[in-house]
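Let me begin by presenting the structure, written as structure tokens, before commenting on it.
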Amino acid sequence: MHTLEQLRAGALTDHPRVTVRAGLTEFPTEIYQFADQLEILDLSGNALSALPDDLPRLHKLRVLFCSDNQFTDLPPVLGQCQSLRMVGFKANQIRSVSAASLPPHLRWLTLTDNQITELPGAIGQCTHLQKLMLAGNRLRALPPSLAACQRLELLRIAANDLRALPQWLLDMPRLSWLAFGGNPLGADLEAQALALGGAALPNIAWSSLQLHELLGEGASGVIHRASHLADGAAHDTAVKLFKGAMTSDGLPRSEIAACLRAGRHAHLIALRGRVSAHPQGNDGLVMDLMDGAFQNLAAPPSLDSCTRDIYAAERRFELATALRIAAGVASAARHLHRQGVLHGDLYAHNTLTTAQGQAKLGDFGAASLYLPDDVGLGEKLQRLEARAFGCLLEELLERVDAWAAPLLTELKTLQARCLGNLPADRPLFAEIEAALLQAQSRLAA
């Protein structure tokens, strides 16, 4: 983080990224002295309500964060910033998004937790758009022109006012990660899951929990190792506490409903209970504590990678290990869809694995519920999530050094089918899991 004094003194001449949180009510014009180098500007957490008309002077600016400010409109001047690729205006008071506010090369747009009732039809002209974050607004419909955004891979429309998913949405060629929980279209299913699942899952009083070190943090909450005091003994657990009423993926209520609907499976992290009587009223879940041998398979996407996870440069896998991971995740996904749960965030960074390839899929922050009996919708959602799985399989296979030659063509073919641009041609998870189990058997033979 930088200070106004540093800006005024010209002390940031070698910094392509500038971050200022200083209660700003006006755009600091001192930033213009860095126009020939500035690529990332973060003015989140201030009190800004407008941007200057000459913002395009920052001709190299490709990322702009203005979250937690006081904007009521997405500034039209953004559309004149030719290099701008990523725009983040989370948690403002934005009601209006005009066509003029959309940069021509926009790749990633975050408008989470605002008051937007509609999007301009011109969003269909954002042909580079890969990631669109709209959770926590007041949308009653999506513009049909969005179907023209053929590169769109990740869409968050949870916690809006949607009564149905448009048919064209699930036919988009690259859409892989979708969150639509917390809308009227699934309210009854969430209420049912909370009622039935909640009755089967015990409440665990906050006073009986003792938190220890931080284990991880995601969009929806933080996870601590904890001790649960019960029956005169301390039991090791993990506790996830939700950050607030709204996350980048949706509502804690929707995540809890999805976890309850998901039930138990060998490749999911098991729930033990729901936190009750938290002093600040926070929601939380108590889960099995994973053995220390389990680690995140990868790190979340970066600003540059946008939708693809980041692996350690030295990360490599034996083919048997890669297959075991892939088969475990496919099995978990198949189970979820049988329960009417779209995970929505099927990623390596949400997968815990051991060195031997044991896998546990976690983090239901972007999960959505649907009727398992609705076969047509269920298959469309499976084929959408199959593309996310295809990305994971591709990442694993890219990091396998020694190939069993007879399996190479088959696995690459499966990967290509999962990543196909025609959703109807992608396999369902029963077929994916069967193919991977067969490959494991052949490798072991």
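The values are calculated or read from the model by the stated rules, or taken from the named source; none is laboratory data. Just so it is clear, the structure is predicted and the values come from calculations on it, not from any experiment. Backbone-built Cβ (ideal geometry, glycine too); neighbour counts: all protein chains shown.
Which residues, taken from segment 291-300, are under 24 Å from Ser248 (Cβ atoms) and out of contact with any helix residue (DSSP H, G or I) (no Cβ under 8 Å at 6 or more places or on another chain)? Within segment 291-300, just Gln295 meets the criteria.
Among the residues here, Leu155 qualifies as modelled with pLDDT of 95 or more and not in a loop (DSSP other than H, G, I, E, B).
On inspection, Leu134 fails the criterion of being touching a Pro at 6+ places or on another chain (Cβ under 7 Å), assigned by TED's automatic domain parsing to the domain that holds Ser83 and at pLDDT 95 or above.
Within segment 390-409, is there a residue that is buried (at least 22 other Cβ atoms within 10 Å of the Cβ), part of a helix (DSSP H, G or I), hydrophobic (A, V, I, L, M, F, W, C) and out of contact with any Asp or Glu (no Cβ under 9 Å at 6 or more places or on another chain)? Yes: segment 390-409 contains one or more residues that are buried (at least 22 other Cβ atoms within 10 Å of the Cβ), part of a helix (DSSP H, G or I), hydrophobic (A, V, I, L, M, F, W, C) and out of contact with any Asp or Glu (no Cβ under 9 Å at 6 or more places or on another chain). Out of everything in segment 363-377 that is surrounded by fewer than 24 Cβ atoms within 10 Å (Cβ to Cβ) and under 21 Å from Ile256 (Cβ atoms), what residue ends up being modelled with the lowest pLDDT? Result: Pro372. Can you name the residue in segment 92-106 that is within 25 Å of Ser305 (Cβ to Cβ) and surrounded by fewer than 21 Cβ atoms within 10 Å (Cβ to Cβ) and is also modelled with the lowest pLDDT among such residues? This residue is Pro104.
Of all residues in segment 101-109, none are touching a Pro at 6+ places or on another chain (Cβ under 7 Å) and in a loop (DSSP other than H, G, I, E, B). Residues that are hydroxyl-bearing (Ser, Thr, Tyr) and closer than 27 Å to Ala367 by Cβ were ranked within segment 209-244; the one that is surrounded by the most Cβ atoms within 10 Å (Cβ to Cβ) is Ser220. Within segment 256-264, identify whether any single residue is surrounded by fewer than 22 Cβ atoms within 10 Å (Cβ to Cβ), in contact with a helix residue (DSSP H, G or I) (Cβ under 6 Å, 6 or more places away or on another chain) and more than 18 Å from Leu352 (Cα to Cα), and answer yes or no. No, segment 256-264 contains no residue that is surrounded by fewer than 22 Cβ atoms within 10 Å (Cβ to Cβ), in contact with a helix residue (DSSP H, G or I) (Cβ under 6 Å, 6 or more places away or on another chain) and more than 18 Å from Leu352 (Cα to Cα). The set of residues in segment 180-224 being within 30 Å of Leu142 (Cβ to Cβ), among the small types (Gly, Ala, Ser) and not in a helix (DSSP H, G or I) consists of Gly181, Gly182, Gly218, Ala219, Ser220, Gly221.
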